[in-house]
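Each remark here refers to the structure printed beneath this line.
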C-alpha cells in the first residue's frame, strides 16, 4: 500500500515562497507505519481517519489501524496500519480461510491458540507469513491406549491413523504380518483403544497311524460259520505336515498342507468257511431215552434198567455170579480200557437209588460195581476227570460210559455228543 504526501509538497512551496513559515508550523507532525514502513509528515488533518484518507492509505475490512480512526491527531502521533492477509489453515481434516495481520507463521499459530512447540506444522514458525504461501497444516498430538502383545500403554502420537501409529510405536511388528483393531485406516482420536497382534505361520510335522483294511475271502475247505486270519493286518505310518497360524505366539488355527506315507498298511485277510457241516448223528444225543433203555434180550438190562428208580445198589451185591464175571472182565482188561463215552443230562432216578444230578461228577456203566471211581481221560487233549459210577448204561452199541454233562464238559466238547476216552479203575 502506497502513501501519498501532498501536504509535504505544499509545505515546501510555502517555504520557497518565503512567507509560509507560520503555516508550516501550524501543521501537526505525525508518523504513518504501514506494515513496518514508516513515513514522517505534517498535516492539517484532525483525526487518524482523515489522515489516512487524505494521504491515500486505503484500509481494508480486515486491516488493523492503531489508534482508532476517530482518534484526534496530535504532535508525534504514530498511526500504525497492519494490512490483513487471507491464508488457508488445515486442522485435522478441516480447512478454513483465516484473515490475519500476523507478521510470521508463529504469530498466526499463537493467534489461533496453538503453541508452535507442541504441534506439528508444514511451515517454519519464524518465517514471514505470505499471503501467497502454502496452505498451513496444523497437527495436534492425540493420546491413545495401545496394546502390543497383551501389554497396554498410553501413547501420545501425531500419527493420522492406526497403521501409522503401529509403524511408529511397534516397527518390529509392523514390518511383518500383523493385525490391528480397529482397522489400519481408522483415524486416531483421543482415548481411542488400539491393539496390534503379531501373526506368524509355522509348519509342524507329526506321525500318524494309517489303519489297515480287512479283506474277506471265502474257502470251501473251512466249515461254514468259521473264520481264520490268513494274513494279520499291520497299521501303516504317515508324516503329516500342518501349517499353524500363531497370533501373539498362540495357535489360532492349523491346516494340513502335506502328507507323506512312511510305511504302507498291510491288509488283514480273513477266510470265511463255506463248507456245509453235516448234522450230528442221532445216537450222539446220549441223554435220549433210547440211550438209557436196556435191550429186551439183555438179562443184565432187565435187572438194572437206567430209568428204573427201584434198582438199589445192594441188588448188585446179592448176585455173586455177576460180580465174579465182572471181576474176571476187569482182570482181562488190566483194570481199564478205551471206549466211546456219551453224556446225559435229564434229571431221573439212578440205579444207585440217588437222584441224578447232571452237575455232579458221576457216570453210568453197564457192569462196574456202583460206587466205583474211575479216572476218565480224553486222549485228544490230555484232560482227565475222576467220576463215581452211580447208574447203569449206556445201552447203545460201541459205548461203555455215559458221563454226566458236567464230567463230559470237563474233558471235552458237549457239542460233539460222544468222544473216545481212556478210563482207569481207581477203586471204590
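Based on the Cβ-Cβ distance of residue 58 and residue 110, what FRET efficiency does E = 1/(1 + (r/R0)^6) give at R0 = 35 Å, to the nearest 0.05? Computed FRET efficiency for residue 58 and residue 110 comes out at 0.80.
The fewest-to-most ranking of 158, 25 by surrounding Cβ atoms within 10 Å reads 25, 158.
The ranking of 425, 32 from fewest to most other beta carbons within 10 Å of each one's beta carbon is 425, 32.
Label-to-label distance, residue 33 versus residue 375, with points set 7 angstrom from Cα along the beta-carbon direction: 14.4 nm.
Each principal axis of the Cα atoms in the stretch 119-240 has its own extent, and those three values, largest first, are 113, 30, 21 angstrom. Exposure proxy shown here: for 400, 339, the number of other Cβ atoms within 10 Å sets the order, fewest to most, as 339, 400. Using 19 Å as the cut-off for backbone N distance, which residues of the stretch 131-173 belong to the label zone defined by a point 7 Å from the Cα of residue 201 along Cα→Cβ? Zone members listed by number: 173. The residue 210 and residue 270 beta-carbon pair, evaluated with R₀ = 22 Å, returns a calculated FRET efficiency of approximately 0.70. Rg over Rh for the stretch 85-139 works out to 0.90, both radii taken from alpha-carbon positions and Rh defined as the Kirkwood radius. Modelled label-to-label distance, residue 96 and residue 74, 7 Å Cα→beta-carbon offset: nm? Calculated label separation equals 3.9 nm. Distance from the Cα centroid of the stretch 172-234 to that of the stretch 382-415 is 64 Å (rounded to whole angstrom). Taking a point 7 Å from the Cα of residue 103 along the Cα-to-Cβ direction, the residues of the stretch 72-86 with backbone N closer than 14 Å to it are 80-83. What the Cβ-Cβ distance of residue 228 and residue 359 gives, at R0 = 30 Å and to the nearest 0.05, is a FRET efficiency of 0.30.
With the contact rule set at Cα under 8 Å and sequence spacing of 6 or more, what percent relative contact order holds for the stretch 165-248? Worked out over the stretch 165-248, it gives 35 percent.
Coordinate-derived values only; no laboratory data. This is a predicted model, so every value here is computed, not measured. Heads up, the Cβs are rebuilt from the backbone with ideal geometry, glycines too, and the neighbour counts pull from every protein chain shown.
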